[in-house]
Amino acid sequence: MLSITPRPEALFLSRQEWFADLPPRQQSRTLASAITISGRRGDTLLRAGAQSEGWYAVLDGLVKMQMRTMSGRFAHYVGMQGGEWFGEGSALKHELRRYEIVALRETTLVCLPNALFDDLVASSLAFNHALLASLNARLGQAITFMGTSRMLSSIQVLAGFLCRPYWMNFPQTQLHRDELALITGVSRDRLDRLLEQLIERDLVRLNGEVIEVPDEASIREFINNGLGDY
């Protein structure tokens, strides 16, 4: 018997908690309307200044959100991995995107186009709950990022990028050293020196190029208490 494998984006959307609450016709429309955007490492998947086309999620891969400053340099905000939704504010306000999304690995995004997004907001309570949860999580992430970047030492800030609050409490992805350097905006040499200090304190370890956190409670304690300025 011929078997049909669901498209990855259809499988992803059908597993969202809000999807089961939709009437069958709306479920079919959601799966048919969703679009995907794919790219390789270094590709800009979504450009700043462009009109937002909808609400996005990282289907698979790893991306960073960044914004160009007045001086022309990039301010790096967050990394996002498979399963994370983003762009709620731009989708709700139908505004131009203020940031760009750059792939750090081979990556695919899925997008709920504006027309579909607006209908789901207007008709689905479960969808609105998911949207609100995503907004709250993104706000908490932003607060965490601002707090660590302004009040902590360089090594504590770096440690913060390796904890679950930075990743919206998703299980931490297996970050490579060069990926962490790109997310943080720290030079590779500087990153390696800071990582070496974390390794000496048994807070992280390297498995080849992959950074592992054996005990997140210990690294959170280090962030909260600190060991001086580095």
TODO: Give the Cα extents of segment 153-225 along the principal axes, in whole Å, largest first.
DONE: 26, 23, 22
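Could you put ARG40, ARG7 in order, starting from the residue whose Cβ has the fewest other Cβ atoms within 10 Å? Spell out each step's value before the answer.
Details: ARG40 10, ARG7 13.
Neighbour counts put them in this order, fewest first: ARG40, ARG7.
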Open item on the list: Looking at the calculated P(r) for segment 8-145, what percent of the C-alpha pair distances fall above 21 Å?
Closed with: 40 percent
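For segment 8-145, what does the relative contact order come out to in percent, with C-alpha contacts under 8 Å and a separation of six or more? Numbers along the way, then the final one.
Working: 245 pairs, mean separation 44.7, N = 138.
Taking the mean separation of contacting Cα pairs over the length of segment 8-145, I get 32 percent.
All of the numbers you see were taken from the coordinates with simple rules; none came from a lab. Worth saying up front: this structure is predicted, and the values here are computed from it rather than measured. No Cβ is skipped: glycine too gets one built from the backbone with ideal geometry, and neighbour counts run over all protein chains shown.
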